[in-house]
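S.K.: Would you mind keeping the following structure in view while I ask a few things?
Derivation of every value follows stated rules applied to the coordinates shown; laboratory data play no part. Everything quoted here is computed from the prediction, not taken from an experiment. Neighbour counts run over all protein chains shown; Cβ positions are idealised from the backbone, glycine included.
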Amino acid sequence: MIDVHIHVAPPQLPGAGSLSPVLRQSVESVAQLVRSEMSMAGITRAFAMGEWTITPDNSLGVNRTLEIAALVPGLAAIGVMDPTKDLADTEHFSHVEALVRSRRVVGLKGYLGYLHFAPTHPSYRRYYEIAAQFQIPVTFHTGDTYSPYAKLKYAHPLGIDDVAVDHPETRFIIAHIGNPWTIDAAEVIYKNVNVWGELSGLFVGEAIDFEAEEHRDTMADVAERIRKAFFYAERPNRFLYGSDWPLVPMLAYRDFIASIVPAKAHEQLFSENAARLFRVT
Ligand SMILES: [Zn+2]
């Protein structure tokens, strides 16, 4: 089973907090926690986002993520794209390319909404080219944000349609399936052969919250919207499983999503689609 969206380092986005105090612990403790969560949930591979702390010696914000990944079998890093970088900064982009070429970074991530840049902003173009050249996907945060400083207009999944058309060689992932704009995201997936949807972070809480009576209606509503989006898109081969750990326990979230998506699509959702897109076995 592959989880395409977890965090092992705080994302360091404007106004967004650290996601969980767990991520401030030592590299060794985080690694131990991730290993135990993965093994309890039967996750054999997980892809962890970097931080938006881009410096000359951390060009994709993955230094800490890579340190942790070295201690967790099956864990790999996803680099963070920085749209404030000048396209003429060839040194930056050659570092990015080197990381991607080395396969230490298996995907790129952009934070729509948190950063006030649309996916069509020219600053992202070079990243799309690198992603296409090395056949790694570009994930975009879409939908609701955890920050009052975020601007939602940048986080709508329709923005992905724009770049999917203009960059047909690049593969894009709509994180959180654009929640709450899940049908809009499904339409973008349905229409573009180079767009995938990902189901992480659609309900957030501790293990006990997944069982609590008070959350039953919310969870039923989320389940209904995921089901609708999944059917509307008619593309079971282009949906990916992700949890957004540590915002949720891996096991509880896996069971929640498994209870929503039809059993006949589980093999594709939980492993085949991600293995093909990220070119891992
Ligand atoms: Zn996340």
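S.K.: In debye to the nearest 20, how big a dipole does the chain give about its Cα centre with +1 on each Lys and Arg Cβ and -1 on each Asp and Glu Cβ?
M.R.: Dipole magnitude for the chain comes out near 640 debye.
S.K.: Evaluate E = 1/(1 + (r/R0)^6) for SER18 and LYS191, where r is the Cβ-Cβ distance and R0 equals 35 Å; express this FRET efficiency to the nearest 0.05.
M.R.: Efficiency at R0 = 35 Å is approximately 0.45.
S.K.: Calculate for the chain the 222 nm mean residue ellipticity that helices alone would give, adding -39,500 (n - 2.57) per DSSP H run of length 4 or more and normalising by residue count, nearest 500 deg cm²/dmol.
M.R.: -10500 deg cm²/dmol
S.K.: Most exposed first by the Cβ proxy, i.e. fewest other Cβ within 10 Å, how do ARG276, ARG125, ARG235 rank?
M.R.: Values: ARG276 12, ARG125 16, ARG235 19.
Lowest to highest Cβ neighbour count: ARG276, ARG125, ARG235.
S.K.: Average projected area of the Cα convex hull of the chain, in nm²?
M.R.: Mean projected area for the chain: 13.1 nm², to one decimal.
S.K.: Using θ = phi - 60° and the Karplus curve 6.51 cos²θ - 1.76 cosθ + 1.60, what whole-Hz ³J(HN,Hα) does each residue of segment 37-47 get, with Gly and Pro shown as x?
M.R.: These are the phi-based 3J(HN,Hα) values: 4, 5, 6, 5, 8, x, 8, 9, 9, 9, 10 Hz.
S.K.: Could you tell me which residue out of LEU87, THR55, ALA69 lies farthest along the dipole of segment 39-92 toward its positive end? Charges go on the beta carbon: Lys and Arg +1, Asp and Glu -1, centred on the Cα centre.
M.R.: Result: ALA69, furthest along the dipole toward the positive end.
S.K.: Please give, to one decimal in nm, the separation of the simple spin-label points placed at SER102 and GLN135, each 7 Å out from Cα toward the Cβ.
M.R.: It is 2.2 nm.
S.K.: Let me ask something else about it. Please list, in order along segment 18-32, the HN-Hα scalar couplings obtained from phi with the Karplus expression 6.51 cos²θ - 1.76 cosθ + 1.60 (θ = phi - 60°), rounded to whole Hz, x for Gly and Pro.
M.R.: 9, 6, 6, x, 3, 6, 8, 6, 5, 3, 5, 5, 4, 4, 5
S.K.: Only Cα pairs under 8 Å and at least 6 apart count here; give the relative contact order of the chain as a rounded whole percent.
M.R.: This gives 18 percent for the chain.
S.K.: Something else now. Picking from ALA185, ALA175, ALA223, which is most flexible by a Gaussian network model of the chain using Cα springs under 10 Å?
M.R.: Fluctuation is largest for ALA223.
S.K.: Assuming R0 = 22 Å, can you tell me the calculated FRET efficiency for the pair THR218 and ILE183, based on Cβ-Cβ distance, to the nearest 0.05?
M.R.: 0.75
S.K.: How charged is the neighbourhood of SER20? Take every other residue with its Cβ under 13 Å from the Cβ of SER20, and add Lys/Arg as +1 and Asp/Glu as -1.
M.R.: -2
S.K.: Also: Label-point separation (nm) for ASP89 and ALA207, each offset 7 Å from Cα along Cα-to-Cβ?
M.R.: Spacing of the two 7 Å Cα→Cβ label points: 4.3 nm.
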